[in-house]
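Note sheet for the following structure.
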Amino acid sequence: MSNAETAVAARSQYVDFWNNVLVPKFVRWRHILVDGLTLHSAKVFPSLDVRKGDKVVDAGCGFGDTAIELARLVGPSGSVLALDCCEGFLEYGRRDAKAAGIDNITFLEADVQTYPFKPVHDFCFSRFGTQFFENPVAGLRNMRASLKPGGTMTMIVWRGINDNPWLGSAKQVVLKYLPPPGDSAQTCGPGPFSMADTGVVTKQLEIAGYRDIAFEQVDAQVFVGKDLDDAVGFQLAIGPAGEVFREAGKAADERREEIADALKAELAKYQRPNGVMMDSSSWKVTAKNPK
Ligand SMILES: C[S@@+](CC[C@H](N)C(=O)[O-])C[C@H]1O[C@@H](n2cnc3c(N)ncnc32)[C@H](O)[C@@H]1O
């Protein structure tokens, strides 16, 4: 086996799942994932601890839109190292950065939990990336290893499913028709709500060596579809409802039409002139690498 093959063989099952199952789905639903989630992080960006000239990491950068925004904030004298474990996402980031005339971002395929960072960065950021780490403490500790002494880490993570009807209400509907995923379900990692509990996350961050840990609640409406068909397709493909649907296999396909109708009836409550808009809630978590 070559070195490259060994590295691929050692990839975690979650990283494999992202690459094999979720990349094609995320690409299909990119208009919702990028435009929808940007409505959420737009509330956070103005208060980020980032200055002109800073060196910044974007951990689990996905399609790269936050990396591009960070690159604008640090300006040409600063730089952004944008990491994701899926090359299939990074090619969008490289393309969009080029089209925007931005050349201070390095997009790199890597596992954030193990990448050998140099401690040269002022700021380490992640929007909805850290919740999927196989080992959250190892991942958070490694993100801290990217920071200079005194550097800041900010991650945005979802609050609980009940605080996020944009994901929770569709799951409730689908569960009326299909069983919950079993213990052996394939997954993308601990999941979108794995960092919802502030007590648990504070402990994880303390063990990972951070100080001055603070949580700020961020509430925003997110865009979940251009129209009802778009919103139903999205919910059946991605997130907790999508997981129930995918894991049910043939049973789900057989009942697709009635499930889609029930979802449409639920999502119709959230239809607005600019699309389907639903409530979401996250924590902006900030912590420092000690000096
Ligand atoms: C929900 S997406 C968020 C993407 C992007 N930050 C955004 O807000 O649009 C989670 C991202 O984390 C990446 N990811 C998950 N585990 C990772 C790991 N161990 N190392 C690097 N990236 C990871 C996934 O490939 C995916 O792009």
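The values are calculated or read from the model by the stated rules, or taken from the named source; none is laboratory data. Since we're looking at a predicted model, the values are computed, not measured. Note: ideal-geometry Cβ built from the backbone for every residue, glycine included; neighbour counts use all protein chains shown. Each accessible area value is taken on the protein alone, full model and side chains, heavy atoms only, with ligands, DNA and RNA left out. Shrake-Rupley method; radii C 1.70, N 1.55, O 1.52, S 1.80 Å.
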- Can you pull out the residues in segment 125-140 that are polar (S, T, N, Q) and more than 14 Å from TRP18 (Cα to Cα)? SER126, ASN135
- Task: Could you please give the count of residues in segment 118-131 that are open to solvent by less than 10 Å² (accessible area, probe 1.4 Å) and in contact with a Leu (Cβ under 8 Å, 6 or more places away or on another chain)?
- Result: 4
- Query: Residues in segment 144-156: is at least one open to solvent by 40 Å² or more (accessible area, probe 1.4 Å) and at pLDDT below 95?
  - Reply: no
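If we only count helices (runs of 4 or more DSSP H) wholly inside segment 222-291, which ones have 2 or more residues that are touching a helix residue (DSSP H, G or I) at 6+ places or on another chain (Cβ under 8 Å)?
Ranges flagged: 228-237, 239-248, 256-267.
Can you tell me which of GLU91, GLU109, GLU134 is open to solvent by 40 Å² or more (accessible area, probe 1.4 Å), within 15 Å of the ligand (Cβ to nearest atom), farther than 18 Å from PHE26 by Cα and under 18 Å from the mean Cα position of the chain (by Cα)?
Matching residue, one of GLU91, GLU109, GLU134: GLU134.
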- Message: Given the criterion surrounded by 22 or more Cβ atoms within 10 Å (Cβ to Cβ) and either modelled with pLDDT of 95 or more or more than 11 Å from the ligand (Cβ to nearest atom) (or both), identify the matching residue among ALA99, ALA59.
- Response: ALA59
- Checked GLN221, GLN172, GLN271 against criteria (more than 23 Å from the chain's Cα centre (by Cα), surrounded by fewer than 17 Cβ atoms within 10 Å (Cβ to Cβ), farther than 30 Å from ARG144 by Cα and of a type in the set (S, T, N, Q)); the one match is GLN271
